[in-house]
Amino acid sequence: MSVPDYMQCAEDHQTLLVVVQPIGIVPEESFFRIYKRISAVSQVNVRDSQRVLYIRYRHHYPPENNEWGDFQTHRKVVGLITITDCSSAKDWPQTFEKFHLQKEMYGSTLYDSRLFVFGLQGEIAEQPRTDVAFYPSYDECETVEKRIEDFIESLFIVLESKRLDRATDKSGDKIPLLCVPFEKKDFVGLDTDSRHYKKRCQGRMRKHVGDLCLQAGMLQDSLVHYHMAVELLRSVNDFLWLGAALEGLCSASVIYHYPGGTGGKVGSRRAQGGSLSAEAGNRHRPGALTSNGINADTSAEIGRAKNCLSPEDIIDKYKEAISYYGKYKNAGVIELEACVKAVRVLAIQKRSMEASEFLQNAVYINLRQLSEEEKIQRYSILSELYERIGFHRKSAFFKRIAAMQCAAPSIPEPGWRACYKLLLETLPGYSLSLDPKDFSKGTHRGWAAVQMRLLHELVYASRRMGNPALCVRHLSFLLQTMLDFLSDQEKKDVTQSLESYTAKCPGTMEFITLPDGLKLPPVPFTKLPIVRSVKLLNLPTSLRPHKMKSLLGQNVSTKSPFIYSPIIAHSRGEERNKKIDFQWVQGDVCEVQLMVYNPMPFELRVENMGLLTTGVEFESLPAALSLPAESGLYPVTLVGVPQTTGQITVNGYHTSVFGVFSDCLLDNLPGVKTNGCTVEVIPALPRLQISTSLPRSAHTLQPSSGDEISTNVSVQLYNGETQQLIIKLENIGTEPLEKLEVTAKTVNTKEKLYGDFLSWKLEDTLSQFPLKPGKIATFTVNIKVKLDFSCQENLLQDLSDDGISVSGLPLSSPFRQVVKPRVETKPINPQESSKVGDFSHVKTLEAILNFKYSGGPGHVEGYYRNLSLGLHVEVEPSVFFTRVSTLPATSTRQCHLLLDVFNSTEHELTISARNNEDLILHAGECQRMAIQVDKFNFESFPESPTDGTQFANAKQLEEERQQAKGLEINSKLDICWKIISFHEYFVEGVLNQLVLEHLQLAPLQWGEFLIRLVQRLWNVECSIPTTCMPVTSFRKSPQFIRK
Amino acid sequence: MVKIAYFDSSNSLGESTVMASAVTYTAEWPVLVSIIFSPPQNYPLYIRSVPTENELKFHYTVHTSLDVVDEKISAMGKALVDQRELYLGLLYPTEDYKVYGYVTNSKVKFVMVVDSSNTALRDNEIRSMFRKLHNSYTDIMCNPFYNPGDRIHSR
């Protein structure tokens, strides 16, 4: 007895063992088809009795196990069914011969046998024989079941006769000693007449009869016999057989208590008719009526209560039996099987702790050297039993050992496939699933150290199986889920092997389906690199689309009839959480910024990183990046171009790391911050690029409104100078440019500006529209700088110094030009030197030119783009008018205007005025010039139409009037300057005009006082013609100025 | 002597020491001490084994012993829950080792593996060692810088 049957359970004690075997050449498929049909007949109700026979079929049974048939009769092969394929009558004798040979193998124990012949037809087949059945083919054998039932009935008859033969207590006859194979030699020469020996024989026979009764379906009788056997054998210390008797007792009790069986196989025991269930139902009511009338086996009812063991006693008796078996080394298989049976019973009783003790014992039972296959079988069954008692971890442990055994180095052809399959079965025991989603949330589940080990083994097994895709999948899973537990060295090793595998078979995002139907979900590397935040970026300012105001208004009005509703506002607020308030434009490159970090202790190369989107056709432009070891947060910008319009949602990103392609969805990423992933894509708009004739400026404007300037240009001009700025507008987009609006905004207006700083004519440019893609249009802007030409500070300082001011008012002839440069440009004077510093002060003017443009489908939708050009103008001072005064001229209609002019440039320049000759000023020189001008009356100016009618506008009106007066003065004076040494054109008329205007505006800037002063000068001249008066008034005027 | 300590960002706030029953027993080490987080995660918070070679073997031993712990807890669930003894006693003996278990009321498990041949460690000693281990664990949990579920680091 060397081969344990791990599948045994307590009910098997009541079965008759029938071996079904093929002889000759029988196709395996056909054999098993017939075998299946035969084994379906596992319960037979024997005619004219209520007893049920149970049959256990085996297609393979080692003859040495058969030798233990006397010990436990269910181990005895009582029936043999052979199946053979015989096509011609000629082969028949030979086949029949083989059948007899086969019978001899189990000959000593066989009650009966049958031969099923398939394929033979004709004469021989027509002979009626009881032990041979002929069938024309495997498909035409309807009577197989019937045949089997007949066969079993014949078995029953033999069994019944044996039982009756041995049950009757023939005290006179000598009872033979039953013994197990290894005992035979021990009894040689033993005194067969001793009481001890007789008792032993009696006990063993009782036990044997008990077995037969159990097999014959007489449960209660068997219990009685077993009890008697136990008593007899206990008295003679025949431990092996005592154990067997106890086990028989247990088996019978188990069969009684658990009619559903302990094997756990649903299909194996057909709940047949009423007998079982009826018995189960009325077992607590002895003598009750069954559906068949009074229970025939009344004797059973009486002894039932005391003979049958209680569930607790079953376990005690099993323990006892096993301890007796344990005394015999040769009964190891019996002990092992008893343990297994007891565990099955305990599993039903849900007494896991005790079951585990039995199993623990079973582990230590040392059988002879097991073959590898037997070891695998043993570990598997241990695992199965642990599983049954709810010890999932222990079960996984043994299953894993079984798996390792499949691929043990001692095996010449390791069964990696079987190993892999068993390993997969251990996964639940280690609370491991192959779905990475289970590990993405919360803390880690299960024992990482052992899980890692198992994953490594899976990787190895799948590799040896020759399935690289599977191997890559498992390795990726290991890396993804166990990253926190891998040491630095392990991380390196794992990634290295992963890379070497992916070189042959890249990792994909496909499900891998195993032959047994298990699906392995893809493993996206969400931790390589770890993404901390995802932010959709707005387009650069110059490309940002803006909605036309009017259309926007419409939109709002259609949304809701209410101006304000708290409910709507609330829902909008929620929407805003997901939706972003800017838009992307079809056909333009859009960006998403990810903050990533590399948890690996080495440089991580991420290739083919791109965005995953839905909603809009999106052309993702993949990026490759290389993250330094254990980097901190690292910004990565992923770009793409939306090809259609609508709502686009960024779902995630895809990467390729170590040759494994991953699609990482943001929903599955823990701890990712995002500002919303849905953005609207509006139709395409043209793109405008501007280039100018001026050099670019490093100086960037900081506009207040927050919009950025795309280009900055700078220019350096003297005060009063004009320059032309030529702007080239190029449509670099794909849509035609249809609309263009230009606006200018001056920023940084500390300096008071006079006149138009920037002026242009848009019509010329618009005539070139619509601008086709790639075409260039030009646009010209005139820059005029007109700042204050007066020297305010200087004047104020002068006022504090009376002496100078007085000396500055010489009463001399009107044409006299006071030429005293040495005096005027007093560099010695500390006051003056500070003045000079003021003169040289460079002032800056800044303006922004806004180009609003639109075209293509985006224009239809009401969007435009805004491009800003920053203009930085450095204004160098040119001339200053340090002092203004008048002298009466010879004619009363005229007077002389005296101006002290200071040249703050480094060049020689000339000043000219109307009807006057040019005055040449050297660098840093100050001279007085006198201009003869006609007097005129300001009152004669046309009053502005709104004059006097609007009181509220009085101040504005006043300003307008002053401006008009200033212009008038300007046109009269027409003062201009030019630098002689400079480029000729530079000093041309345009310039003159500028200067002219400046001069006139200068008084304005001095404030009311100065305006008044000048006005008064003229007015006095005009209204009071007397010659003596002007002098006094002139004398007063500077004082006015001073205040 | 088994030491369990924990750190905060700046300084070690506290350190608790588990003495194996008494100073006299310092020579008698448990082979392995393990603290296992409460279900459903059931992962080790702390593992310390004295023979560091072949540590995985002990991992398997402790891991499979959790089956027995589960079984014992569920069996006890039927009995008095409030009054139950935290000490589970011998979980199971293997050929060379004995595995003892202890479960706190919050189902945090302590498992100790002891050399079978070590006769100095009897039930009472094991019990008091567990009690001290439990006290240290309580101290760790009191540390505001410790996140329940994080691995425990020992100095």
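The values are calculated or read from the model by the stated rules, or taken from the named source; none is laboratory data. The structure presented is a predicted model; accordingly, all values stated were derived computationally and were not measured. FYI the Cβ positions are ideal-geometry reconstructions off the backbone, even for glycines, and counts take in every protein chain you see. Just the protein is used for accessible areas: all its heavy atoms, side chains included, with ligands, DNA and RNA removed. Shrake-Rupley method; radii C 1.70, N 1.55, O 1.52, S 1.80 Å.
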**Q.** Rotationally averaged projected area of segment A:1-82 (alpha carbon convex hull; nm²)
**A.** 6.4
Q | Pairs of Cα atoms farther than 20 Å apart, segment A:114-263, % | A | 62
Q. Taking amide hydrogens as modeled 1.01 Å from N in the peptide plane, which residues meet the under 5 Å criterion relative to A:Thr613, leaving out close sequence neighbours?
A. A:Asn651
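Which value results when the Cα radius of gyration for segment A:608-704 is divided by 2.2 N^0.38 Å?
1.46
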Q | Equivalent-ellipsoid semi-axes of segment B:53-150, from the Cα gyration tensor, Å, largest first | A | 22, 18, 14
Q: Would you mind checking the radius of gyration and Dmax of segment A:9-140 based on alpha-carbon positions, in Å?
A: 15.5, 47
Q) What is the percent of Cα-Cα separations in segment A:77-150 that go past 19 Å? A) 33
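Exactly which GluC sites (Glu not before Pro) in segment A:484-553 are in a DSSP loop and have at most 15 other Cβ atoms within 10 Å?
Hits after loop and neighbour filter: A:Glu510.
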Q: Report, to two decimal places, the Cα Rg of segment A:302-434 normalised by 2.2 N^0.38 Å (N = number of residues).
A: 1.21
Q.
Take the residue pairs A:Lys98/A:Lys185; A:Lys491/B:Lys107; A:Lys76/A:Lys341; B:Lys72/B:Lys107 and return only those whose Cα atoms are more than 23 Å apart.
A. A:Lys98/A:Lys185; A:Lys491/B:Lys107
Q.
Show me you know the interface measure: the accessible area buried between A and B, both chains summed, probe 1.4 Å, in Å² to the nearest 100.
A. 2200
Q: Whole number in Å², please: accessible area per residue of segment A:1-148, 1.4 Å probe, ligands, DNA and RNA not counted.
A: 44
Q | Cut-off under 5 Å, modelled amide H: who pairs with A:Ala684 long-range | A | A:Gln586, A:Gly858
Q | In segment B:90-142, the trypsin sites (Lys or Arg not before Pro) that fall in loop regions by DSSP, at most 11 other Cβ within 10 Å | A | B:Arg122
Q. What fraction of the DSSP beta bridges in segment A:12-154 is antiparallel, stated in percent and rounded to the nearest 5?
A. 10
Q: Only counting protein heavy atoms at a 1.4 Å probe, give the residues of segment A:437-456, ordered by number, whose accessible area falls by 20 Å² or more when the other protein chains are present relative to the chain alone.
A: A:Thr443, A:His444, A:Arg445, A:Gly446, A:Trp447, A:Ala449, A:Val450, A:Arg453
Q.
Regarding segment A:125-187, what's the average projected area of the Cα-atom convex hull, expressed in nm²?
A. 8.1
Q: Sort largest first and round to whole Å: the equivalent ellipsoid semi-axes of segment A:50-117, each the square root of five times a Cα gyration tensor eigenvalue.
A: 26, 15, 9
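Rolling a 1.4 angstrom probe over the protein heavy atoms, how many square angstrom per residue are accessible across segment B:93-155?
Accessible area per residue: 49 Å².
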Q) Given the pairs A:Lys375/B:Lys57; A:Lys36/A:Lys519; A:Lys673/B:Lys109; A:Lys162/A:Lys199; A:Lys174/A:Lys207; A:Lys739/A:Lys843, which are separated by over 28 angstrom at their Cα positions? A) A:Lys36/A:Lys519; A:Lys673/B:Lys109; A:Lys739/A:Lys843
Q) Which residues of segment B:35-79 bury at least 50 Å² of accessible area once all protein chains are present, versus their chain alone (1.4 Å probe)? A) B:Gln41, B:Tyr43, B:Leu56, B:Tyr60, B:His63, B:Thr64, B:Asp67, B:Glu71
Q: With a cut-off of at most 11 other beta carbons within 10 Å, and DSSP calling the residue loop, which trypsin sites (Lys or Arg not before Pro) in segment A:37-68 qualify? Please list them.
A: A:Arg47
